[in-house]
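Novice: Handing you this structure, nothing more for now.
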Amino acid sequence: MHDFLAIVFTAEFVGNALKYATPLLLASLGLVVNERSGVMNLSVEGMILSSAFFAFAGSYFTGSPLLGLLAALLASLLIALVHSYCCISLGLNQVIVAVALNTFCLGLTSTLFRIFLGTDTNVIRANGFSFVRWPKFLTEIPVLGEILLKQHIFTYVALIMIFVIWWIFYKTTWGLEIRAVGEYPRAADTMGVKVYKVRYLAMLFSSLMAGMAGTALSITGLNLFIDNMSAGYGFIAFATIVFGRFHPLGVTGGALMFGFAQSLQIRMQISDINIPYQIPIMLPYLLTIVMLGIIGSGSVPASWCIPYFPDEE
Amino acid sequence: MSIVLKMEGITKIFPKVIANDHISITLHKGEVHALLGENGAGKSTLMNCLYGLYRPDEGKIFIKDREVVIQNSDDAIKNGIGMVHQHFMLIPELTVTENIILGLRQSRAPLLDIDEAGRKIKELSERYHFNINPHEKIKNLSVGMQQRVEILKVLYREAEILVLDEATAVLTPQEVRELFGVIRKLVQEGRSVLIITHKLEEVMGLSDVVTVLRDGKVVGNVITKKTDPKELARMMVGRDVLFDFHERHAEVGKPIMSVNDISVTDKKGVRKLRNLSFSLHKGEILGIAGVDGNGQVELSEVITGMLPFTGGNITIKGESFGALNPRIVYEQGVSHIPQDRQHTGLVLGMSLMKNLILTDYYHAPYSKNNIIDYDLVDDHAADMIKQYNIKAPTTETIASELSGGNQQKIILARELCREPDILIAVQPTRGLDIGATEFLRQKLIDQRDNGSAVLLISTELEEILQVADRIAVIHEGQFMGIVRKNEVDINELGLMMAGNMRSPSDSICEGE
């Protein structure tokens, strides 16, 4: 047990946790925005998966991870447009639309992967983002240097976004409009707020965050793509939103917790603790269910998942 | 007085109905103009055209002699029109300030300036003695306070023309009086007010001019001082409305239900009913008066088995119950017209004929061996439609598609056709127009005359005075006294509603 704690409380471990939390943090922070506007975005799973694929494919074919990122953002944006059109403009059932889109994305990415890159058993790698290079004297700072300065760019974006999104929500008119539209769109409408516009923009913003999450998943480390690479990350992000109580800071806590669990389970797999490796793999997911059970869903936006039709009498 | 608003020849056609048929109205500066009409007369449609929520098919709108086109609520606000909606357009989770500045461009946009806005709101609030804390969340405010926030919202936008849609529907008598005071002050300051209403007292008490609508057309335009409620009612309904129920001293029979020492405490530990006792007799209407929110809802839920109580017991037809549930109550021959017809009274998504058997679907004649005889149910529904004059195309019509008055008639038909010995009616005429109100009150009286007992819980004192034989006044979950109608005057009732206990010696707590 003593050994076990010693593993957890190393700077390297915490740094890894932050690394693992990054995709989830990005996706969840994006989700907070669209969920608070009243649209339920379960399609986030498909967005992460597709952008993971397109980031990889873009980088593989062009040699540039930046172009890979661009392809990922576009792919995610496109899914968001379809989801928004179906759920906001047409008012279709948001769960069913998401299930359809997610299934589609899973099939599409696996198929394209085989078409373009063959069924070779060799692992194909693309160019990826490497760690941000800091001046040497900074990285040599004990503990903090290890935790914060051996990260790729997306981790920093995620950390900055925590503050940015909190600021947007509570200090700007945009945030007020998003919150209002998610609570009582008709009231917002009578006050001259364009409900559809707010909801679309919230969704598109969220999809860009999911696009970065997918990119962080595929080309910031192993730089490869595998079938169903997102493996439920989107759904975990979604759960994070719910037990993070739709608040940017709550969500951050949830995402970090998941990152720690992930880091821990990988440690457990490689250490010689004598348990089947499947058990640690379950850990983050089990933890998510337990957290949902303990914290509960709290207050959800009153018009969450309810489409708005302006001409209804 | 100069003209601030003119609507000319406004026509709005919906797929099935002409809601507005060439309606013209003129509003002068500093005037209170009442738009009077029954539900469905086209008042709200007209105002929605003015506020940009609908686009009229024909007609013109002029603001101070300049023609304007109002496409959406933004345009309306820019033209100085502010609307206080019947169903408040407030977001419960946001603060007063956030609600008021929503949708506005502040000087430092897109940054929010809550402090600056809060200061301005505080000033406005003080000017009208609103006593509102700008940083309180809406969900913590009473209904009356929420309406003040709605008014502040409009004033903050410096509206010249205020439209109030059925503004008093949810207010207590005191709040109504305060609202009238505010409206008078607004008019003195040079603003103009349009009130949409179907209540004659409101028109008479507040307006300078009245335009009466019926079936989408203007049927009259008169100066309030030169008319009287009778004439207005005639214009509005198209026939004489009497509200003149023949006075019959009901022969009060034996007690049929008695409530003994009942208390209710809510989840937060607040006592909603305190040791309440009364008995209800055959052949009488016992009216329960009081300001909204003093335990009326809890009382009605307790005696219909929807809310558990502590303390004593409830006796129905000689049988004493320490706990009730709705089915026991119904099987004892009690019927219930609930306060909220859309939540508790009806399954809105279900057809009229199914709604009509909700209380009795599980036994003969409607079902045998758990199989419902839909032919019979259909015949029953057709019969009820005829008897209660429900305006519905077929027995399969979905309840939500009917007007409020017709929805209430479904409930009335369902609850009365089972010939109850006891009828509990809670706010039965809330939101109904004059014709439907008259019909419903007459039904209550018929019940009494047939020897049933009626418990009428209403916040409209006028309604209770019209039909009740005895009146109990409830205040903070306690009775302030139970009196015979002919032995009390309005002032005394008002004092009791405000919480003054009537001295026990002159209180007739029970019928003989």
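The values are calculated or read from the model by the stated rules, or taken from the named source; none is laboratory data. Remember, it's a predicted structure, so these values are computed and weren't measured experimentally. In this analysis, Cβ positions are derived from the backbone assuming ideal geometry, glycine residues included, and neighbour counts consider all displayed protein chains. For the accessible areas, the whole protein counts, side chains as well, though only heavy atoms, and no ligand, DNA or RNA atoms are used. Shrake-Rupley method; radii C 1.70, N 1.55, O 1.52, S 1.80 Å.
Novice: Per-residue ellipticity at 222 nm for chain B, helices alone: DSSP H runs ≥ 4 residues times -39500 (n - 2.57), over residue total, nearest 500 deg cm²/dmol?
Specialist: Numbers: 16 runs with 156 residues, N = 512.
That calculation yields -9000 deg cm²/dmol at 222 nm.
Novice: Could you work out the mean count of beta carbons from other protein chains within 10 Å of each residue's beta carbon in A:189-197?
Specialist: Working: counts 6, 14, 14, 13, 5, 3, 0, 0, 0.
Averaged over the peptide's residues, the number is 6.
Novice: So, one more: Hey, how much of the P(r) for the range B:3-237 falls beyond 32 Å, as a percent of Cα pairs?
Specialist: Details: 5244 of 27495 pairs.
Counting every Cα pair in the range B:3-237, those more than 32 Å apart make up 19 percent.
Novice: Same structure, new question: What order do B:V96, A:V123 take when sorted by accessible area (1.4 Å probe), most exposed first? Write down the numbers at each step before the final one.
Specialist: Details: B:V96 0, A:V123 95 Å².
From most accessible down to least: A:V123, B:V96.
Novice: Under 1.5 on a/c is rounded, so check that first for the protein assembly as shown, then, if it is not, pick prolate when a/b is larger than b/c and oblate when it is not; a ≥ b ≥ c are the square roots of the alpha carbon gyration tensor eigenvalues.
Specialist: In terms of gyration-tensor shape, prolate.
Novice: Using only alpha carbons, build the gyration tensor for the range A:2-295 and give me the equivalent ellipsoid semi-axes, biggest first, whole Å. Intermediate results must be reported in sequence, preceding the final value.
Specialist: Details: eigenvalues 191, 112, 73 Å².
The three semi-axes for the range A:2-295 are 31, 24, 19 Å.
Novice: Dipole size in debye (nearest 20) for the protein assembly as shown around its Cα centre, Lys and Arg Cβ +1, Asp and Glu Cβ -1?
Specialist: On the way: 74 positive and 86 negative charges, 464 e Å.
Roughly 2220 debye for the protein assembly as shown.
Novice: I've got another one for you. Sorted by accessible area (1.4 Å probe), largest first, how do A:Y85, A:Y308 line up?
Specialist: Values: A:Y85 120, A:Y308 15 Å².
Sorted by accessible area, descending: A:Y85, A:Y308.
Novice: If you don't mind, there's one more thing I want to ask. Highest mean first, what order results for B:189-197, B:405-413 on Cβ atoms within 10 Å? Before the final figure, lay out the partial values.
Specialist: On the way: B:189-197: 21.0, B:405-413: 24.1.
Sorting B:189-197, B:405-413 by mean packing, highest first, produces B:405-413, B:189-197.
Novice: Moving on to the next point. Under 1.5 on a/c is rounded, so check that first for the range B:412-511, then, if it is not, pick prolate when a/b is larger than b/c and oblate when it is not; a ≥ b ≥ c are the square roots of the alpha carbon gyration tensor eigenvalues.
Specialist: Details: a/c = 2.22, a/b = 1.67, b/c = 1.33.
Prolate, because a/c is 1.5 or more and a/b exceeds b/c.
Novice: Of B:R327, A:R179, which has the most accessible area and how do the rest follow, probe 1.4 Å?
Specialist: Working: B:R327 105, A:R179 15 Å².
Listed by decreasing accessible area, they come as B:R327, A:R179.
Novice: Just the accessible area for B:F88, please: 1.4 Å probe, Å², rounded to the nearest 10?
Specialist: Ignoring ligands and nucleic acids, B:F88 comes out at about 30 Å².
Novice: If the cut-off is a Cα-Cα distance under 26 Å, which lysines reach B:K354, setting aside same-chain residues fewer than 8 apart in sequence?
Specialist: Within reach: B:K16, B:K368, B:K386, B:K391, B:K409, B:K443.
Novice: Give me the distance between the Cα centres of the range A:99-118 and the range A:140-156, rounded to whole Å.
Specialist: Cα centres, the range A:99-118 to the range A:140-156: 35 Å.
Novice: With a 1.4 Å probe and every protein chain left in place, tell me how much accessible area A:T10 has, in Å² to the nearest 10.
Specialist: 50
Novice: Let me check I've understood the local charge: for B:A167, count other residues with C-beta under 12 angstrom from its C-beta, Lys and Arg +1, Asp and Glu -1. What total comes out? Mind showing how you got there, number by number?
Specialist: Values: positive: B:R148, B:K199; negative: B:E150, B:D165, B:E166, B:E175, B:E178, B:E202.
Around B:A167, the surrounding residues sum to -4.
Novice: Among the lysines, which have Cα under 26 Å from the Cα of B:K6 when same-chain residues fewer than 8 positions away are ignored?
Specialist: B:K29, B:K43, B:K60, B:K64, B:K78, B:K153, B:K185, B:K199, B:K217, B:K225, B:K226
Novice: Based solely on its DSSP helices, what 222 nm [θ] is calculated for chain A when runs of n ≥ 4 H residues each add -39,500 (n - 2.57) and the sum is averaged over all residues, nearest 500 deg cm²/dmol? Can you show the working numbers first?
Specialist: Details: 14 runs with 217 residues, N = 313.
So the helix-based figure for chain A works out to -23000 deg cm²/dmol.
Novice: Rounded if a/c is under 1.5, else prolate if a/b beats b/c, else oblate: with a ≥ b ≥ c from the C-alpha gyration tensor eigenvalues square-rooted, which is chain B? Intermediate results must be reported in sequence, preceding the final value.
Specialist: Working: a/c = 1.80, a/b = 1.47, b/c = 1.22.
Prolate shape, in that a/c is at least 1.5 and a/b is the bigger ratio.
Novice: In Å, what Rg and Dmax follow from the Cα atoms of the range A:82-133?
Specialist: Spelled out, the Cα radius of gyration and Dmax of the range A:82-133 are 17.1, 47 Å.
Novice: Could you rank the peptides A:283-291, B:204-212 by their average count of other C-beta atoms within 10 Å per residue, with the highest value first?
Specialist: Working: A:283-291: 16.6, B:204-212: 20.3.
Highest to lowest by the protection proxy: B:204-212, A:283-291.
Novice: Cβ neighbours within 10 Å, averaged per peptide: list A:23-35, A:57-69 in order, most packed at the top.
Specialist: So the order, starting with the most tightly packed, is A:23-35, A:57-69.
Novice: Report the local net charge at B:F180: Lys and Arg +1, Asp and Glu -1, summed over other residues whose C-beta lies under 11 Å from its C-beta. Please report the intermediate quantities before stating the final value.
Specialist: Values: positive: B:R177, B:R184, B:K185; negative: B:E175, B:E178, B:E201, B:E202.
Taking every Cβ under 11 Å from that of B:F180, the sum is -1.
Novice: Quick one: Cα centre-to-centre distance for the range B:437-473 and the range B:185-237, in angstrom?
Specialist: Measuring centre to centre over Cα atoms gives 28 Å.
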